[in-house]
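Working notes, beginning with the structure itself.
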Amino acid sequence: MITVKHLSKVFNNAGRELAVLRDVNCEISKGEVISIIGPSGTGKSTFLRCLNRLEEPSGGQIEIDGVDILDRNADVNRLRRKMGMVFQNFNLFEHLTILDNITLCPQTLLGERREAAEARAMELLQLVGLREKAGSLPGELSGGQKQRAAIARCLAMNPEIILFDEPTSALDPTMVSEVLAVIRHLAGQGMTMAIVSHEMEFVRSVSTRVFFMYDGVIYEEGTPEQIFEHPQRPATVAFINRIRTLEFTLADRSFDLYGMFGRIETFCNKYGLGDKVFLRLQHVVEETLTGIIPFSGPVHLTVDYSEKTYKLVLTFTQEGQTESILDKLPEDHLPVRLVRGFCESLTEPSPGQLIVTL
Ligand code: ADP
Ligand code: MG
């Protein structure tokens with residue numbers, strides 16, 4: 001259905017050239033659900049935007065059903081209609097009701113009659129569970145509902161493929177699953193889709209193939225099982241094993257401990273880590289920051305969660321530290337003993353860098 005050959009995209013940033021896509025090659029067949037994963041800034045959005053020519057590629061070929069859409073004579077509007085796109089931030093028209101948001105393009109671009117467009121819109125609203133919101137304005141809906149409305153709007157154009165660019169990353173964690181459920185339903189109905197997502201459990205269960213994008217290319221591709229269980233290349237292995245990261249920079253001791261716990265709790269909920277893990281994490285963070293770290297300068301904390309090993313690793317880095325922190329503390333230092341009681345290991349591989357594994 002879609003064949004991409006040697007696709008490249010160079011951005012010109014104030015005279016500096018940035019080659020975001022260097023040489024992307026792939027084929028997507030009808031009915032496939034392709035997930036695109038990879039670190040941020042590796043060109044995942046650019047790739048999707050090139051596919052429907054929201055972004056003009058710098059080189060290469062994109063064929064859809066045998067037609068080269070980069071050809072100067074290609075009917076871009078017709079091709080674009082074959083592809084729906086769902087964005088992170090919904091892009092609904094705020095001054096139009098949900099029903100009007102959905103019926104606008106079918107009427108103006110496909111020439112559908114109002115009654116027919118509305119009847120179809122109501123069917124689609126039923127599908128995404130929002131029939132009773134037809135008369136509401138987007139502002140009256142929750143984020144999850146807005147995104148479901150945006151999916152209904154996209155379906156109203158009868159696309160042959162839908163491109164999703166991080167459809168759940170702007171949502172509160174509590175609303176992610178309702179949107180993923182709708183996408184999963186579409187996959188079950190055989191809809192062809194390409195989805196950029198960081199929801200790894202979802203990616204693993206819904207995709208027919210996974211593309212790992214890195215360094216301007218599809219660095220590795222395979223079935224979810226191949227990519228998640230047996231990644232072959234080093235950057236894929238690193239990404240899969242250390243995929244969830246939460247970062248904090250604390251200028252001094254007066255940092256907002258409770259704000260930090262809030263973010264850690266959200267993180268734990270999001271990845272299903274449970275209350276017990278959250279409590280242990282909270283104790284470890286509090287004891288380490290109040291009783292062990294000297295705060296002789298800014299401190300960085302990263303919380304990494306591997307969905308593969310199910311291990312949590314906390315890295316505390318004391319900027320400017322040249323001597324070991326742990327060596328200078330007494331043997332029976334209480335905070336160190338408490339942290340060791342809560343974790344699997346506490347080490348200091350280099351001065352000022354404490355690593356706690358839970
Ligand atoms: P991803 O979606 O994987 O996070 P993007 O495709 O959004 O990555 O961006 C890849 C790189 O291209 C980034 O470094 C980004 O800053 C740059 N970029 C994206 N869009 C533009 C643009 N319109 N102009 C200049 N640079 C851009
Ligand atoms: Mg992006």
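Please treat every number below as a calculation from the coordinates, not as lab data. None of the values given here were measured: they were computed from a predicted structure. Don't worry about glycine lacking a Cβ; one is built from the backbone with ideal geometry, like all the others, and counts go over all protein chains shown.
Tabulated data
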{"read-out": "Candidates 210, 86, 299: whichever shows maximal mean-square fluctuation once the chain is modelled as a Gaussian network with Cα springs under 10 Å", "value": "299"}
{"read-out": "Length-normalised contact order for segment 33-121 - Cα pairs under 8 Å, 6+ apart - percent", "value": "13 percent"}
{"read-out": "Mean residue ellipticity (222 nm) of the chain, computed from DSSP H runs ≥ 4 via -39,500 (n - 2.57), nearest 500", "value": "-10500 deg cm²/dmol"}
{"read-out": "Extension gain (nm, one decimal) between residue 27 and residue 189, 0.36 nm per residue minus Cα-Cα", "value": "56.2 nm"}
{"read-out": "Alpha-carbon Rg/Rh ratio, for segment 1-97, with Rh computed the Kirkwood way", "value": "0.99"}
{"read-out": "Order of 280, 233 - criterion: other Cβ atoms within 10 Å of each residue's Cβ, fewest first", "value": "233, 280"}
{"read-out": "For segment 149-155, Karplus couplings with θ = phi - 60° (6.51, -1.76, 1.60), whole Hz, Gly/Pro x", "value": "5, 5, 5, 4, 4, 5, 5"}
{"read-out": "Cα→Cβ-extended label distance, 7 Å offset, between residue 205 and residue 104, nm", "value": "3.4 nm"}
{"read-out": "Per-residue Cβ neighbour rank within 10 angstrom, fewest leading, 283, 230", "value": "230, 283"}
{"read-out": "Share antiparallel - DSSP beta bridges, the chain, percent rounded to 5", "value": "70 percent"}
{"read-out": "Placed amide H near residue 217: partners under 5 Å, 5+ positions off or other chain", "value": "22"}
{"read-out": "Semi-axes of the equivalent ellipsoid for segment 151-277, Cα gyration tensor, largest first, Å", "value": "30, 21, 14"}
{"read-out": "Inter-label distance, nm, simple model (7 Å from Cα along the C-beta direction), residue 172/residue 116", "value": "4.1 nm"}
{"read-out": "All Cα pairs of segment 131-209, percent lying beyond 20 Å", "value": "30 percent"}
{"read-out": "Total lysine pairs whose alpha carbons fall under 21 Å of each other in the chain (8 or more apart, or interchain)", "value": "13"}
{"read-out": "Cα-based helix-to-principal-axis angle, 274-287 vs the chain, degrees rounded to 10", "value": "50 degrees"}
{"read-out": "Two-decimal ratio, segment 53-212, of alpha-carbon radius of gyration to 2.2 N^0.38 Å", "value": "1.06"}
{"read-out": "Relative contact order [Cα under 8 Å, 6+ residues apart], the chain, whole percent", "value": "15 percent"}
{"read-out": "Average silhouette area of the chain, convex hull of alpha-carbon atoms, in square nanometres", "value": "21.5 nm²"}
{"read-out": "Span per principal axis, largest first, for the Cα atoms of segment 118-176 (Å)", "value": "32, 27, 16"}
{"read-out": "Calculated from backbone phi, Karplus (6.51, -1.76, 1.60) coupling profile of segment 72-78 in Hz, x at Gly/Pro", "value": "4, 8, 5, 7, 4, 5, 5"}
{"read-out": "Equivalent ellipsoid, segment 219-326 (semi-axes from 5 times Cα gyration tensor eigenvalues, Å)", "value": "30, 18, 11"}
{"read-out": "In order through segment 7-17: 3J(HN,Hα) via Karplus (6.51 cos²θ - 1.76 cosθ + 1.60), integer Hz, x for Gly, Pro", "value": "5, 9, 8, 10, 9, 9, 9, 6, x, 9, 8"}
{"read-out": "Amide hydrogen neighbours beyond the local backbone of residue 164, cut-off 5 Å, H modeled", "value": "86, 194, 195, 196"}
{"read-out": "Extension gain (nm, one decimal) between residue 245 and residue 306, 0.36 nm per residue minus Cα-Cα", "value": "21.1 nm"}
{"read-out": "Positive dipole terminus of segment 174-300, leading residue within 191, 267, 235 (C-beta point charges)", "value": "191"}
{"read-out": "Whole-number D in µm²/s for segment 71-149 (Stokes-Einstein; Kirkwood sum over Cα pairs; 10 °C, 1.306 mPa s)", "value": "117 µm²/s"}
{"read-out": "Modelled FRET efficiency - R0 22 Å, residue 226 with residue 357, Cβ distances, 0.05 increments", "value": "0.20"}
{"read-out": "Segment 214-358: relative contact order in percent, alpha carbon pairs under 8 Å with at least 6 residues between", "value": "23 percent"}
{"read-out": "Net charge, residue 94 excluded, C-beta distance under 14 Å - Lys, Arg +1, Asp, Glu -1", "value": "0"}
{"read-out": "Cα centroid separation - segment 1-66 against segment 149-169, whole Å", "value": "18 Å"}
{"read-out": "Alpha carbon centroid spacing (whole Å) that separates segment 265-327 from segment 99-143", "value": "47 Å"}
{"read-out": "Loop trypsin sites (Lys or Arg not before Pro), segment 73-173 (other Cβ atoms within 10 Å of the site Cβ: 15 or fewer; DSSP)", "value": "113"}
{"read-out": "Sorted by Cβ density within 10 Å, fewest first, the residues 285, 33", "value": "285, 33"}
